[in-house]
Amino acid sequence: MLALSIENHRSRTMNFLKNPRIGFVAANSLLVVATAVLGYAPVRALLVGAGSVTAAMAVAEAVEATGGATAMPAAAPETAAAPAASDPSAARGPAPDLGLPVEQAVLTAPPQVPPPITRKYAAKVVVHLEVREVVKRLADGVEYLFWTFGGDVPGRFIRVREGDVVEFHLENSPNSKMPHNIDLHAVTGPGGGAASSFTAPGHSSQFTFQALNPGVFVYHCATAPVGMHIANGMYGLILVEPAAGLPKVDREYYVMQGEVYTAGRYGEEGLQPFDQEKAIDERAPYVVFNGAVGSLVGDNALTAKVGETVRLFVGNGGPNLVSSFHVIGEIFDTVYQEGGLSVAQHNVQTTLIPAGGSAVVEFKTEVPGTYVLVDHSIFRAFNKGALGMLKVAGPENRLIYSGKEIDAVYLGQAAAAGSDAQKREASLQAQIAEEIKTNPKIAGLTREAQVERGKRVFMQTCFACHQPDGKGLAGIYPPLAGSDFLRADRERPIRIVTKGLTGPVIVNGQTFNNIMPAQVLSDQQIADVLTYVTNSWGNTGEPYSVDDVRRVKAAGVSQ
Amino acid sequence: MSDRTNILNRWRCLGLAAAGILLAVASAAADPPPGMALIAAGTYTPVVRNQDDAASVAVAAFWLDARPVTNGEFLAFVRVLPQWRRSQVPPLFADGGYLTHWAGELDPGPQAPLDAPVVRVSWFAARAYAAWAGKRLPTTAEWERAAGAGFHGADGKAEPGFAAQVLGWFAAPTPAVFPAAGSGRPNFYGVRDLLDLVWEWVDDFNSAMVAGDSRGAGGNGLVCGGAAASARDPADYAAFMRAGYRSSLRANYAVANLGFRCARDAAAN
């Protein structure tokens, strides 16, 4: 075995010597040669050759502690032996210590924001942020491998005070596939910290910066391919609170927009890979708030009470699109545009938030209800997911908002013309529906399961117009609850969902003249949502099956 | 690899036989080395290069392991060379992550099945293993050339399913326990798992020149450096990500999804 070891090592040493890529430091060369001569296991022998095992081990540990950049052993390729000064990612030891009080940063997952900073002096704030690559829900039935700062999209909200010295630790989970770094727009320095935080999986990097400028800043990963890292969810916000603090408000929330470029189209189920071509072409299947369709809807909606002042820190990770941020039913009392906190704009309807930028919006809630957060580049809201909700509870104030006062029939010029035809068709369709009813098909799912799934589709696709209670909006969006128009024809809803519908139609005696676009849903999703609609809010009906949907679609084609 | 090294390799084989250890390294035979596939001579076109570098480089024919090195094989290595055991290796040659997923020093255990690819090994350890096995690590050019092959031809980019396979790996999380090495679909050369199992060390990993802040490409004199902005071809930007990954490594890193496979000069046979 000894001979074996000698030969093993000699062979290896010869390999090193023969390799033209390898540059030797003379002293190390000697060690290697000495090791070869000694013919013993390379490591121990090398260290003995250095003089003292203990001393050499200490050196090795010191090299380890500094990232091993400046003292690679002889065998490392020559690029590893480059001097630290030319390698921005090389570890350079701790920054000067100003003797500031030290505290650990409180980080929050969206939509929460850390509490305001009350201290009146600068501190050294230690931030630990872990990069994790995790499969998360993008939409119902749709999953995506997000790359995250802290496990969520957007990343953890960081709050520091103007003048603070921030000791930043970026930790890349051992399970990560990719190296990552962080560029904080709050950093004054090359790359915003990116060059100092490039971190392989299972490693961590530390760098320190002083928060010189107050404001709300985006941070993001800047590792190649940068666009992909951002598109995969690697963005978040850091607030550098002005030394004097921000005006007190009742609620603070964290909302951040971003696009997701999936290989599949919107709603296509399964684990979706990233699509570089769509990203380059800026054709995003998804534009979402807080990392997923519906992340701020239903039970996850933001909440407030009447009379409270709400502050939203709104970021836009991009990677490509500029947001036209708007809250339906509210006027922003104050907007700090582009995240700068020194100039306040007032009475704003919609504020632009650039990719890689932010805004702070504040408003006092006056009347109860559900206020809808949208990107008012509006197809993104209703067809790509950029929609959230703020639910405001409290007493009504009819002086400010009356609610609906009068509901009267208004017949436009052409309203009557189409109605007879509609009625005749409705009558014929009712006969067809009756025929179908007498020949019931067994759906693969129980009605209850289908209703549950259908509800998800409804809350993702339909509720914004037809309303969560199915009552629609008088004169604009027809009701689905108790709708004679739906009851009259079982197949009609399938056609409407798959092909869209251009008015006028009469529903429960009211005429609606509007346009509903065709919806991009799978056959199963259509069957589910129609089963939900026809079995909710007092409606009762047979469940829809995928076969029903396909048959009606096929009939449409043959016509 | 030189003739001189070759002689040493043969010599070592004799030593191994004398020690009673049977190793299927047919360095003196004309037959293909067991478990290795021949990658024909050709060229490699890097996605990232220095301005002074040629647009493409010639790659001589070489042998490449048909699958990554397994835990079982690495166990045999550390049995023979105790200095590469978890408790023995100094941090200079392997960081604190080295083989930490093994149940024991000489017991891979349930997290590291014997037939699964070995991971959490440093470049030094991988290189030592290769030398012990009478082989070497492939160069970036060699590895990329082998990985660029599709299922039916030497140019994977020309095949429809190829890009999807490459990108599918990036969309899937790292499994807690890796499946058996060699279970992937063989490519044109008969090599498996290059693009869909684990990252793999290459001999000159440190020549990957993607800067820590990848947007600073201009300052480094790199061509096509800036975040793969021009890489529309999925196969290209996957290659760019591999370059970025390699540039994040240091030679003593032991990473949870980074293994290796070995190569040999074709002339050796």
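The values are calculated or read from the model by the stated rules, or taken from the named source; none is laboratory data. As the structure is a prediction and not an experimental result, all values here were calculated from the model. For neighbour counting, all protein chains shown are included, and Cβ atoms are generated from backbone atoms with ideal geometry for every residue, glycine included. All accessible areas refer to the heavy atoms of the entire protein, side chains included, with ligands and DNA or RNA removed. Shrake-Rupley method; radii C 1.70, N 1.55, O 1.52, S 1.80 Å.
Rolled with a 1.4 Å probe across the full set of protein chains, the surface gives residue B:135 an accessible area near 30 Å².
A cut-off of 5 Å between modelled amide H atoms, ignoring neighbours fewer than 5 places along the same chain, links residue A:126 with A:103, A:104, A:105, A:167.
Return the tail of the calculated pair distribution for the range B:34-268, meaning the percent of Cα-Cα pairs more than 31 Å apart.
Details: 5522 of 27495 pairs.
Cα-Cα pairs in the range B:34-268 separated by more than 31 Å: 20 percent.
Counting only protein heavy atoms and using a 1.4 Å probe, the accessible area of residue A:465 comes to about 40 Å². Scanning residues 5 or more positions from residue A:142 or on other chains, those with amide H under 5 Å from its amide H are A:270, with H placed 1.01 Å from N in the peptide plane.
Explain nothing, just the number: relative contact order of the range B:34-268, from Cα pairs under 8 Å at least 6 residues apart, as a whole percent. Please list the in-between numbers first.
Values: 450 pairs, mean separation 75.1, N = 235.
RCO, the range B:34-268: 32 percent.
Of interest is the spacing of the C-alpha centroids, which for the range A:175-190 and the range A:236-263 amounts to 18 Å.
Could you compute the net charge surrounding residue A:165? Neighbours are other residues with a C-beta less than 10 Å from the C-beta of residue A:165; K and R count +1, D and E count -1. Every neighbour counted, the sum reads -2. Across the range A:338-348, coupling constants 3J(HN,Hα) worked out from phi with the 6.51/-1.76/1.60 Karplus curve, θ = phi - 60°, read 6, x, x, 9, 9, 10, 9, 9, 10, 6, 10 Hz, and Gly and Pro carry x.
Remark: mean inter-chain Cβ contacts per residue of A:269-276 equal 4, using a 10 Å Cβ-Cβ cutoff to other protein chain atoms.
The HN-Hα couplings worked out from phi for the range B:92-109 by the Karplus form 6.51 cos²θ - 1.76 cosθ + 1.60 (θ = phi - 60°) are 4, 9, 6, 7, x, x, 4, 6, 5, 7, 6, 5, x, 4, 10, 9, x, x Hz, whole numbers, x standing for Gly and Pro. Each Lys or Arg adds one and each Asp or Glu takes one away; over the other residues whose Cβ falls under 13 Å from the Cβ of residue B:102, this sums to +2. For the range A:160-172, putting each phi into the Karplus relation 6.51 cos²θ - 1.76 cosθ + 1.60 with θ = phi - 60° gives couplings of 10, 10, 3, x, 5, 9, 9, 8, 9, 10, 9, 10, 9 Hz, in residue order, rounded to whole numbers and with x for Gly and Pro. The accessible area of residue A:515, taken with all protein chains in place and a 1.4 Å probe, comes to roughly 120 Å².
Quick check: net charge around residue A:365, other residues with Cβ under 13 Å of its Cβ, Lys/Arg +1 and Asp/Glu -1?
So the environment of residue A:365 carries a net charge of -2.
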